[in-house]
1. Would you work out which of V81, M61, T41 lies farthest towards the positive end of the dipole of segment 38-81? Charges go on Cβ: Lys and Arg +1, Asp and Glu -1.
2. Once the Cβ-Cβ distance between E54 and E267 is put in as r, and R0 is 30 Å, what FRET efficiency do you end up with, to the nearest 0.05?
3. Within 15 Å, Cβ to Cβ, of V328, how many net charges do the neighbouring residues add up to if Lys/Arg are +1 and Asp/Glu are -1?
4. Find which of P177, V127, I190 sits farthest along the positive direction of the dipole of segment 115-249, computed with +1 on the beta-carbon of Lys and Arg, -1 on that of Asp and Glu, about the Cα centre.
5. Amide H to amide H under 5 Å from S183: which residues, 5+ apart in sequence or cross-chain, H placed 1.01 Å off N in plane?
6. At 222 nm, what value in deg cm²/dmol follows for the chain if DSSP H runs of at least 4 each add -39500 (n - 2.57) and the sum is divided by all its residues, to the nearest 500?
7. With a ≥ b ≥ c the root eigenvalues of the C-alpha gyration tensor of segment 115-249, is it rounded (a/c under 1.5), prolate (a/b larger than b/c) or oblate?
8. Which is the longest part of the chain that has none of the GluC sites (Glu not before Pro) sitting in a DSSP loop with at most 15 other Cβ atoms within 10 Å?
Amino acid sequence: MKHAIAVIPGDGIGKEVTPCGVAALAAAAELHGGFQFEFTTYPWGCEYYQQTGEMMAPDGMERLADSEAIFLGAVGMPAVVPDHVSLWGLLIKIRRGFQQYINLRPAKQMRGVKSPLREPRNFDLVVVRENSEGEYSPIGGVMQSGNDEIAVQNAVFTKSGSERAMRFAFELARTRPQKSVVSATKSNGIVHSMPFWDRVFREVAASYPDIAHRQVHIDALSAFMVTRPETLDVVVASNLFGDILTDLGAAIMGSIGIAPSANINPERKFPSMFEPVHGSAPDIAGRGIANPVGQMWSAKMLLDFLGYHDVAGALLEAVEDTLEAGIVTPDLGGSARTEEVCDAVLARLRSK
Ligand code: GGG
């Protein structure tokens, strides 16, 4: 069995950590023995934009559609302004174009990583982020000028879009020990979209009587993630709330460098995309010290998506064994370089 994977290293540290993730996927395939990967790498990103005026080739989406999954590094460069040009020209273009309407972002206490929380209490949660609409909307504009200048940004919440993300969250909760879903809201401050989101949540929850559910305002939920993260299991959130909450999830794990994500098209009509939560980190790019764990954990999620749960589990175990052995990059307080962490994980994976 051969799986075609499109690789987009992108920008900054994306270029440094993606080879490590690709090596992990190849090593997992070797260990399993029953499948292979065929990787095609695309040079798209901000440098490509500087040369061509586009973030990806004109036929980029058609080329990506030929693959089963996309493995992305990071997107963004300070020289490419305004900031949204890079995200909307590549990352968000792919998410929306391929109907990757679920963004799965786990956060858990990792073996070998010291959480900044005083009592992390072995938390293990997953954020299901609605990934195709909400606050990430191209609708709006900047009007008038001078002191009268105004910006209008329309958030778009459809019933079908909200409902499918919530159903995904409830189905996921059925597979997990706590069997609970929390919905992130802000219906006391946002008067149209959030009460609507809450109503759809209540309707969906009614068809899952076996799953505990509650809605929590995003501000309180952010505090709970710090004070009692072990009480959270599956969290369903709108696009922006989910994005912010998962950076917090990464922070309570110990570093944004270790957090993974999967942009899923559940119907599998289009390729799904796997990427670390972190961005291109221009402050450390080119120094060889980027943490490859977020990219390797994203590789683990790709393996799970393809159904190879045994090697996926072995990969995450190899990562945690490595962290526990103290082979960690500076963001986790160590002095190991990207390549050292990568080699150490691969050696442990191969010995499984
Ligand atoms: N790993 C992909 C990446 O560069 N993400 C940075 C980012 O800003 N993402 C925004 C988002 O996930 O909406």
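Bear in mind that the values in this text are calculations on the coordinates, not laboratory data. As the structure is a prediction and not an experimental result, all values here were calculated from the model. Cβ atoms come from the backbone with ideal geometry, glycine included; neighbour counts cover every protein chain shown.
1. V81
2. Step by step, r from the Cβ atoms, then E = 0.60.
3. -3
4. P177
5. Under 5 Å from the amide H of S183 lie the amide H atoms of R214, Q215, V216, V236, each far enough along the sequence or on another chain.
6. The per-residue figure over the chain is -12000 deg cm²/dmol.
7. Details: a/c = 2.53, a/b = 1.52, b/c = 1.66.
The shape class here is oblate.
8. No qualifying site falls inside 150-266, the longest such stretch.
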